[in-house]
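First up is the structure itself, then whatever we jot down about it.
The values are calculated or read from the model by the stated rules, or taken from the named source; none is laboratory data. It should be emphasised that the depicted structure is a prediction, and the values quoted were computed from it without experimental measurement. Glycine gets a Cβ as well: all are built from the backbone with ideal geometry, and neighbour counts include every protein chain shown. Ligands, DNA and RNA are excluded from the accessible area calculation, which covers all protein heavy atoms including side chains. Shrake-Rupley method; radii C 1.70, N 1.55, O 1.52, S 1.80 Å.
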Amino acid sequence: MAITESDGNYLLQKAKQAEVKRTASLPQILQMLAPAGALLAALILHLTLPNAYPKGYQSVTYPAFLKICLGIYMIFGLAAFLLPKLRAKMLYLSWLLTAAVLLVAALDMATLKTGHFRLPFVPSPDKILSSVTSNLETLAVSLYFSMKLLFTGIVIGIISGMISGILLGWSQICNYWFMPVLKMIGPVPSAAWLPIVMVLFATSRQASVFLIVLSIWFPLTLMVSSAIRDTDKRLVETARVLGAGEVYIMLHVALPAALPAMFTGLFMGLSSSFGALIIAEMLGVEAGLGWYIKWAEAWGEYAKIFSTVGIFIIIFFILMDTLFRLRNRLLKWQKGTVRW
């Protein structure tokens, strides 16, 4: 089939549009430079303004941190000029990153540069970052123990929650006998179990794992069992007419229908498990981020508390983002109806 002149012009125009999309426009460049400008402004303000409180304080970590962040961002920015997907991501995050940098710079102004917030309760960004670099070994050990405890509880909680959720949702007998137990035990907060688990379990680690398991088990069991009971009866009856057994129907009809509710329960349980982890590490464990926070509070080292909370935020953000990505991959068919 011959291509006419109009068709050729149309294809040429489309090719030019695609070429334009490959490179960043001037407004996009300016928007992507906003976080870099905020980092540069924060660095200049920190280096030019004198340190008012405490007098004679010499900061090292914070300016180095700003320079490293600026260098890393510029590398990504240069790559984003030619990579549309990376550019779209950076454009989306540009204002958020700018606001975050400005907030950190405002904290620097309110503490080290003006003394508006007093030590030790509100430390400067340099003190917070220095508390990380000067205690890397202790933080690494505490992080290892916390993640080991958290993932042990999450894995056991997910397995037990899925099993109990399926049984309560599919079996009338299990629902009759165990649903009252679920309603009585599940809503009790983790802190209320502290004096009980210390007596019931032989070690503080077992008690800590139980608290995390409980925080995952209850919302997951509740959501999965409710979703299985609400499975479309027409689908179940159709599978039975076609000769499917009860186990097959449960695994291939009811359980896939319960996947959205399962992820909702996981979101709720994972959020609760973070609080349970902090409470669990107050039971006398040998190390952990929660234990580190408690130790730093006892010694009035609030910079270490701030830095540890920041580490918690980063870790939990990564875990939640991973769960969101997994949910979006497994439930692609639901993207048009439910937004996460």
- Message: Let me check something: with ligands and nucleic acids excluded, how do 278, 212 order by accessible area (1.4 Å probe), largest to smallest?
- Response: 278, 212
- Query: Radius of gyration and Dmax for the chain's Cα atoms, expressed in Å?
  - Reply: 26.9, 86
- Note on the structure: Whole-percent carbon and sulfur contribution to the accessible surface of the chain (1.4 Å, no ligands, DNA or RNA) stands at 72 percent
- Using the membrane-span-like helix rule (whole DSSP H runs, Cα extent along the own axis of at least 27 Å, mean Kyte-Doolittle hydropathy at least 1.0), which helices of the chain qualify? 26-48, 61-80, 84-108, 136-170, 204-229, 259-280, 302-330
- Message: Suppose accessible area is computed on protein heavy atoms with a 1.4 Å probe; arrange 111, 203, 61 from highest to lowest.
- Response: 203, 61, 111
- Query: Highest GNM mean-square fluctuation, the chain, Cα pairs closer than 10 Å: which of 297, 286, 237?
  - Reply: 237
- Within a Gaussian network of the chain (alpha carbon springs, distance under 10 Å), most fluctuating of 138, 48, 264: 48
- Task: Report, in deg cm²/dmol and to the nearest 500, the calculated mean residue ellipticity at 222 nm for the chain, where each DSSP H run with n ≥ 4 adds -39500 (n - 2.57) and the sum is divided by the residue count.
- Result: -25000 deg cm²/dmol
- For the chain, with the dipole built from +1 on Lys and Arg beta-carbon atoms and -1 on Asp and Glu ones, taken about the Cα centre, which of 171, 271, 66 lies farthest toward the positive end? 66
- Message: Please report, in whole Å³, the volume per residue of the convex hull around the C-alpha atoms of the range 187-334.
- Response: 131 Å³
- Task: May I ask which residue of 306, 189, 142 lies farthest towards the positive end of the charge dipole of the chain, with charges of +1 (Lys, Arg) and -1 (Asp, Glu) on Cβ and the Cα centre as origin?
- Result: 306
- Based on Cβ point charges of +1 for Lys and Arg and -1 for Asp and Glu, what charge dipole magnitude is obtained for the chain about its Cα centre, in debye rounded to the nearest 20? 560 debye
- Task: Could you state the accessible area per residue of the chain in Å², with a 1.4 Å probe and every protein chain left in place?
- Result: 59 Å²
- the range 111-168-the range 51-88 distance, computed between alpha-carbon centres (Å): 23 Å
- Item | Cross-link table 55/294; 148/183; 89/304; 89/332, entries beyond 22 Å C-alpha to C-alpha | 55/294; 148/183; 89/304
